[in-house]
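The values are calculated or read from the model by the stated rules, or taken from the named source; none is laboratory data. Everything numeric in this text was worked out from a predicted model, so none of it was measured. So basically every Cβ, Gly included, is an ideal-geometry build from the backbone, and we count neighbours across all protein chains shown.
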Amino acid sequence: MKKVVLASVLAIASAGMFCTMPALALPGAFAAQGSSGSTPGQITIKSPAEYNAYQNAMSQSSPAAKAAAIEQFLKQYPNSVVKKDMLEQLVAAYRAAGNTAGTLSAAKRLLVVEPHNIRVYAFVAFVSKTQAGSDAAKLKEAASYAQKGLAALKPTDPQYAAMKPLFLDVVGASQEADKNYAGAIQTYLEEMHTYADPNTDTQKGIGLYDTYNLANAYIQENPKDIVSAIWYFTRAAQFLTGSFQQTAQKAAEYWYQTYHNSMDGYSAIQTMTKTNLFPPSTYTVEKYVPPTPAQLAHQAVTNTPDLSKLSLHDQEYILKNGSSDDAAKVWAVLNGKVAEVPGVVISATADSVQMAVSPEAQKANTADFTVNMKEPLKKVPTAGDKVTYIATFSSFTQNPLMIIMSDGLVKPPARPHRVVHHARR
């Protein structure tokens, strides 16, 4: 009997289907019925009815009709000596009929009677993953076939280099769907190292798409490995096309900008990833560290020739956050100066009003200014009132910030604009 073989994994990976299989042939006639033995390479069916059913199934010219006849045969003769061969033919018939669901079902049944057929495991794992989409439970089932295929796969197998990446691709997809990002990273990296030439073999096919998936796993992991994610997103973007390329490129640029705070130096990474799958030892991305409030205050002082030109808000920020030297420089400009100070009352007496002046103080409903009145107020404001006083900067404390002003006066209301009507002559 001719042995029926499945498609190569390269064909499976590209098309997700079995290659055309040779027809199954039973040498000789069922005339061997009743004999005590059979010719080597020959399977003898002893029942004429079973043999006729077999012949009927094999004689069907239509793939769909052949699949239906084989299904009927297997239902009628579930323990036939040709069960394995008929299942192989059933896989081929469903495949020829374009029936993916039937092909997958037949392949799964074939694995029951031929549990070490790694090519069938590859087909079932790959197609099950494709049909699963993002369904974690279905991906886990697909991964179970991939794991069995990995267990059966031997380095001496001619298709080892092609099949192992396929199996690892399915396992990695299941791990990502299950939010096992550390496991997915390990699996995808193992896949990358399996290729005979990782730099070339991952420029296409599942190796290319799993380069992107590896980057995504790095960014989903907690804590994120943004530097590794930037590399593999960029690498994937070099060889993907269309919308996939745009997605990878945007992800690479977003995380580079987020991590580095500018796109300076990114073009050099793009150049490196064109010829390297794995980042070289020289690869690094400098992390942007935002300046501290004290550093921002110092920059404002050093970059402003005339500190009196700073807004009251900026001057207050330096008094609060700057070093003692920077705060002293700003206070030297303010001390003794008379100014209008608008704010929101936090608390008040006839002699003193505490108010929130800066937007931060108003949002927190805390006082950052105290205005000591020159004369007792005739009308004491209540909390929440918006007021403006004219007063003199007197002193301040830095932590917590409180600016003290003396000789406070209520700002007089604006005089209404006088309209003069001229009599007509």
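Yes/no matrix, rows are residues, columns are (1) among the acidic types (Asp, Glu); (2) within 46 Å of the chain's Cα centre (by Cα); (3) crowded, with 21+ Cβ neighbours inside 10 Å; (4) at pLDDT below 95:
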residue: 43; (1), (2), (3), (4): no, no, no, yes
residue: 46; (1), (2), (3), (4): no, no, no, yes
residue: 50; (1), (2), (3), (4): yes, no, no, yes
residue: 55; (1), (2), (3), (4): no, no, no, yes
residue: 58; (1), (2), (3), (4): no, no, no, yes
residue: 61; (1), (2), (3), (4): no, no, no, yes
residue: 83; (1), (2), (3), (4): no, yes, no, yes
residue: 86; (1), (2), (3), (4): no, yes, yes, yes
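From 397, 370, 392, 366, grab the single residue that is in contact (Cβ under 8 Å) with a residue 12 or more places away in the chain and under 26 Å from residue 292 (Cβ atoms).
366
From the list 383, 367, which residue is aliphatic (A, V, I, L, M), surrounded by 15 or more Cβ atoms within 10 Å (Cβ to Cβ), at pLDDT 95 or above and within 50 Å of the chain's Cα centre (by Cα)?
Of the residues listed, the single one that is aliphatic (A, V, I, L, M), surrounded by 15 or more Cβ atoms within 10 Å (Cβ to Cβ), at pLDDT 95 or above and within 50 Å of the chain's Cα centre (by Cα) is 367.
Being within 35 Å of the chain's Cα centre (by Cα) and surrounded by 16 or more Cβ atoms within 10 Å (Cβ to Cβ) is the requirement here; does residue 103 meet it?
yes
In region 162-177, is there at least one residue being surrounded by fewer than 18 Cβ atoms within 10 Å (Cβ to Cβ) and not acidic (Asp, Glu)?
So far as region 162-177 goes, no, none of its residues is surrounded by fewer than 18 Cβ atoms within 10 Å (Cβ to Cβ) and not acidic (Asp, Glu).
List the number of the failed condition for residue 319; all other conditions in (1) in the same structural domain as residue 403 (by TED's automatic domain parsing); (2) touching a Phe, Trp or Tyr at 6+ places or on another chain (Cβ under 9 Å); (3) without any contact (Cβ under 8 Å) to a residue 60 or more places away in the chain hold.
Unmet for residue 319, out of (1) in the same structural domain as residue 403 (by TED's automatic domain parsing); (2) touching a Phe, Trp or Tyr at 6+ places or on another chain (Cβ under 9 Å); (3) without any contact (Cβ under 8 Å) to a residue 60 or more places away in the chain: (3).
Out of region 126-154, which residues are outside any helix (DSSP H, G or I) and closer than 19 Å to residue 207 by Cβ?
Hit for region 126-154 is 153, nothing else.
Could you please find all residues in region 333-391 being part of a strand (DSSP E or B) and of a type outside the set (A, V, I, L, M, F, W, C)?
Passing the criteria: 340, 342, 343, 347, 352, 354, 370, 372, 386, 388, 389.
Specify the residue that is nearest to the chain's Cα centre (by Cα); the eligible residues are those in region 194-241 that are part of a loop (DSSP other than H, G, I, E, B) and among the polar types (S, T, N, Q).
Taking the candidates together, the pick is 222.
Does residue 218 satisfy being among the aromatic types (Phe, Trp, Tyr), closer than 25 Å to residue 131 by Cβ and either at pLDDT 95 or above or outside the structural domain of residue 161 (by TED's automatic domain parsing) (or both)?
no
Residue by residue through region 313-332, note down the ones that are aliphatic (A, V, I, L, M) and either surrounded by 18 or more Cβ atoms within 10 Å (Cβ to Cβ) or assigned to a loop (DSSP other than H, G, I, E, B) (or both).
318, 319, 327, 330, listed by residue number.
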